[in-house]
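Structure first, then comments.
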Amino acid sequence: MLAAGARGQTWTNIKPYPVPTGNDPWGITLGPDSAIWFTAYANNQIGRMANSGIVTEYPVPGYTQAFASEPYGITSGPDGALWFTELQGNQIGRITTSGVVTQYPLPVAGSQPEGITEGPDGALWFTEWSGNKIGRITTAGVITEYPVPTADSGPAGIVQGANGALWFTEWNGNQIGSITTRGVITEYPVPTASSYPAGIARGPDGAVWFTEYSGNNIGRITPHGVISEYPVPTASSGPWGIAVGPDHALWFAEFGGNKIARITTGGLITEFPVPGSGPGPGFITASESALWFTQWAASQLGRAPACALGLSASFASRTLTVNFELGIPTPATWYGSLTTIGGTVKSLWSYPISATVPPAPLTLTFGPGFPDLGEVTIVAGLETTAAVDLCYETTMVNTER
């Protein structure tokens, strides 16, 4: 079992996977072959990481490392292939799981396609950063473009929403946009000025969630355009990529804060430090119930278990109350202990739990009659049934009578 940590710490078992050629991984997705696929922004390649951790790299045709197409976003398509954007190559690329690449040039030069996602109509939808458009490409390569009403809005991330529309972030426009499959666009201003909305994901609650890179918030927008914002605890954290976890919470990368974090649909945020340089824009959930993210400055991918406890504690009437927002997509052993200022460690509980999806609010009470131990640090953690540590959180409470 993990020892009690320092006050207010969190920890999760993050494993790094270096990319062999140091090619600045950027976008990331789960492929139809259950492998992890990613774009190599600076090295002009598409990468595939097998479940064994072995990486295969496929060059984007027509370019060199000195003159790269800068592959950016990537997603699985409805045709069993992967589709990606070429920021400087000004093309949409398609790559089969065996590595065969086909490219489709955009109609207007310098459009700089960025985000890409599968639409509800069986086509791929993408954003054009400099072209200021939302694009649609069929699996046969036919492209249609729709201008964004706000000039120089900088469309960035894009995702399919629960209402059958596509939702996208406007980095420069400070708005969230919605586009129907017929091309009708509606825009919704983000309350925080100059927030630079970036990543976007469809939540398990029917809303769309997004990151505010400079606003330092996580945003939530309903299908009717009502926006709520939740401040990230770490200042200047630079939240970027975001995805729904297998625990039905939202997980996001903090590029400036050098952390990954979890936010429940109720707005509770827990942060976990990331070894090495900050996580970048790519963030996904993989089929084995883990989280994967890119660390482009470190030229590696990171893998973390999707577990968190949302821990807090209080003491009154000689009763210790410990509250949780527990969520984990696999069975685990759940334990808790406390440490006094003098260093004495006392076990509070330890027993197996089943998968808890979606996250559930839980309360444990100890008392009346809990002893006067003064100020104590409580640690709660999750580990696999094989005693492999997954994550823990700590909080402090004063138990003086």
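Residues checked against (1) in contact with a His (Cβ under 7 Å, 6 or more places away or on another chain); (2) farther than 21 Å from Gly157 by Cβ; (3) crowded, with 24+ Cβ neighbours inside 10 Å; (4) in contact (Cβ under 8 Å) with a residue 12 or more places away in the chain:
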| position | (1), (2), (3), (4) |
| --- | --- |
| Ile269 | no, no, no, yes |
| Ser277 | no, yes, no, yes |
| Gly282 | no, no, yes, yes |
| Ala290 | no, yes, no, yes |
| Phe293 | no, no, yes, yes |
| Ala298 | no, yes, no, yes |
| Gly310 | no, yes, no, yes |
| Ala313 | no, yes, no, yes |
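For region 191-203, what are the residues that are open to solvent by 60 Å² or more (accessible area, probe 1.4 Å) and either under 19 Å from Ala162 (Cα atoms) or charged (D, E, K, R) (or both)? The answer is Arg202, and nothing else. Where strands (runs of 3 or more DSSP E) fall wholly inside region 59-171, the ranges with 1 or more residues that are small (Gly, Ala, Ser) are 71-76, 91-95, 113-118, 133-137, 155-160. When you scan region 366-378, do you find a residue that is among the hydroxyl-bearing types (Ser, Thr, Tyr) and either surrounded by fewer than 20 Cβ atoms within 10 Å (Cβ to Cβ) or under 22 Å from Gly203 (Cα atoms) (or both), even just one? Looking for residues that are among the hydroxyl-bearing types (Ser, Thr, Tyr) and either surrounded by fewer than 20 Cβ atoms within 10 Å (Cβ to Cβ) or under 22 Å from Gly203 (Cα atoms) (or both), one finds none in region 366-378, hence no. Counting only residues that are modelled with pLDDT under 85 and more than 21 Å from Thr270 (Cα to Cα), how many does region 2-23 have? Within region 2-23, residues that are modelled with pLDDT under 85 and more than 21 Å from Thr270 (Cα to Cα) number 4. If the condition is being among the aromatic types (Phe, Trp, Tyr), open to solvent by less than 10 Å² (accessible area, probe 1.4 Å) and closer than 21 Å to Ala40 by Cα, then region 239-267 contributes only Phe252.
Would you say Gln160 is closer than 16 Å to Pro78 by Cα and either open to solvent by less than 60 Å² (accessible area, probe 1.4 Å) or not hydrophobic (A, V, I, L, M, F, W, C) (or both)? Here the answer is yes, as Gln160 does meet what is asked. Checking the stated criteria, Glu86 turns out not to satisfy the condition of being within 29 Å of Gly206 (Cα to Cα) and charged (D, E, K, R). Residue count for region 298-319 under the criterion of being over 22 Å from Ser34 (Cβ atoms) and in a strand (DSSP E or B): the result is 7. Taking each residue of region 162-191 that is more than 17 Å from Pro147 (Cβ to Cβ) and looking for partners that are of a type in the set (Gly, Ala, Ser) and open to solvent by 50 Å² or more (accessible area, probe 1.4 Å) with beta-carbon atoms closer than 7 Å, six or more apart or interchain, yields Asn174/Ala193; Asn174/Ser194. Quick check: is even one residue across region 48-56 part of a strand (DSSP E or B) and within 26 Å of Ser130 (Cβ to Cβ)? No: region 48-56 contains no residue that is part of a strand (DSSP E or B) and within 26 Å of Ser130 (Cβ to Cβ). The number of residues in region 8-24 that are in a strand (DSSP E or B), under 16 Å from Ile54 (Cα atoms) and out of contact with any Leu (no Cβ under 6 Å at 6 or more places or on another chain) comes to 3.
Within the option set Gly135, Gly131, being at pLDDT 95 or above, open to solvent by 20 Å² or more (accessible area, probe 1.4 Å), touching a strand residue (DSSP E or B) at 6+ places or on another chain (Cβ under 9 Å) and not aliphatic (A, V, I, L, M) holds for one residue only, Gly131.
Residues that are of a type in the set (S, T, N, Q) and either surrounded by fewer than 18 Cβ atoms within 10 Å (Cβ to Cβ) or touching a residue at least 60 places away in the same chain (Cβ under 8 Å) (or both) do not occur anywhere in region 326-335.
Would you check if Leu30 is open to solvent by 20 Å² or more (accessible area, probe 1.4 Å), within 20 Å of the chain's Cα centre (by Cα) and under 22 Å from Gly241 (Cα atoms)? Before the answer, list the steps.
Numbers: open to solvent by 20 Å² or more (accessible area, probe 1.4 Å): yes; within 20 Å of the chain's Cα centre (by Cα): yes; under 22 Å from Gly241 (Cα atoms): yes.
For Leu30, the condition - open to solvent by 20 Å² or more (accessible area, probe 1.4 Å), within 20 Å of the chain's Cα centre (by Cα) and under 22 Å from Gly241 (Cα atoms) - is met.
Matching residues to (1) at pLDDT below 95; (2) buried (at least 17 other Cβ atoms within 10 Å of the Cβ):
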residue	(1), (2)
Trp37	no, yes
Asn44	yes, yes
Gln65	yes, no
Ala81	no, yes
Gly99	no, no
Gly110	no, no
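Where strands (runs of 3 or more DSSP E) fall wholly inside region 193-297, the ranges with 3 or more residues that are over 14 Å from the mean Cα position of the chain (by Cα) and over 30 Å from Ser354 (Cα atoms) are 227-231.
The values are calculated or read from the model by the stated rules, or taken from the named source; none is laboratory data. Every value quoted in this text rests on a predicted model; they were computed, and no experiment measured them. Using ideal geometry, Cβ is built from the backbone for each residue, glycine included, and neighbour counts are taken over all protein chains shown. Protein only, heavy atoms only, side chains kept; ligands, DNA and RNA dropped before computing areas. Shrake-Rupley method; radii C 1.70, N 1.55, O 1.52, S 1.80 Å.
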